């Protein structure tokens, strides 16, 4: 599952041997994603990543690419991903996160305005992980902007 698939910029880069479900809150975004599908097996679903319209343990993997910093309640989104993932399943996350205790004064000052128009600047991944105890961190690698962005892999117990 691709939570928050948006306009589908990632779709041309996906391996074709899998079946993909791309979820987005906005039907206009999903319509823009469809021309990018190409040869992959893809199903577009309109829905809220904080209240996923799928049964428990429905997916082998989930990709959260730049979604946790844009949803109003990222902990709800993360907990929902854990719910719909099968035991042993994998979650891949790429997003911007603060580290617990990191000062980041400019980001924190800009957050009240920026979060209303684009994205949150104050999400702490470790706080999200605490809300999803079935997810276990496997890999956490800094990426881009001095490590502000992170590439994270988890699995579900």
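The values are calculated or read from the model by the stated rules, or taken from the named source; none is laboratory data. If you're wondering where the values come from, they're calculated on a predicted model, not measured in any experiment. Virtual Cβ from ideal backbone geometry, glycine too; neighbours counted across all protein chains shown.
Only residues that are more than 13 Å from the chain's Cα centre (by Cα) and surrounded by 11 or more Cβ atoms within 10 Å (Cβ to Cβ) were counted across region 5-18, and they come to 7. Checking every residue in region 85-94 against the condition of being part of a helix (DSSP H, G or I), in contact with a strand residue (DSSP E or B) (Cβ under 8 Å, 6 or more places away or on another chain) and modelled with pLDDT of 95 or more gives zero matches. Restricting the search to region 131-149, which residues are in a strand (DSSP E or B), under 23 Å from residue 60 (Cβ atoms) and modelled with pLDDT under 95? Passing the criteria: none in range.
Can you name the residue in region 19-52 that is within 16 Å of the chain's Cα centre (by Cα) and in a loop (DSSP other than H, G, I, E, B) and is also farthest from residue 85 (Cα to Cα) among such residues? Selected residue: 26. Taking the conditions (1) surrounded by fewer than 17 Cβ atoms within 10 Å (Cβ to Cβ); (2) in contact with a strand residue (DSSP E or B) (Cβ under 6 Å, 6 or more places away or on another chain); (3) free of Cβ contacts under 8 Å to residues at least 60 places away in the same chain in turn, residue 42 satisfies each one other than (1). Any chance region 65-84 includes a residue that's in a strand (DSSP E or B), closer than 15 Å to residue 131 by Cβ, at pLDDT 95 or above and touching a strand residue (DSSP E or B) at 6+ places or on another chain (Cβ under 7 Å)? Checking region 65-84: not a single residue is in a strand (DSSP E or B), closer than 15 Å to residue 131 by Cβ, at pLDDT 95 or above and touching a strand residue (DSSP E or B) at 6+ places or on another chain (Cβ under 7 Å). Here is a check on your reading of the model: is residue 105 modelled with pLDDT under 95 and either within 26 Å of residue 8 (Cβ to Cβ) or surrounded by 14 or more Cβ atoms within 10 Å (Cβ to Cβ) (or both)? Against the criterion (modelled with pLDDT under 95 and either within 26 Å of residue 8 (Cβ to Cβ) or surrounded by 14 or more Cβ atoms within 10 Å (Cβ to Cβ) (or both)), residue 105 does not qualify.
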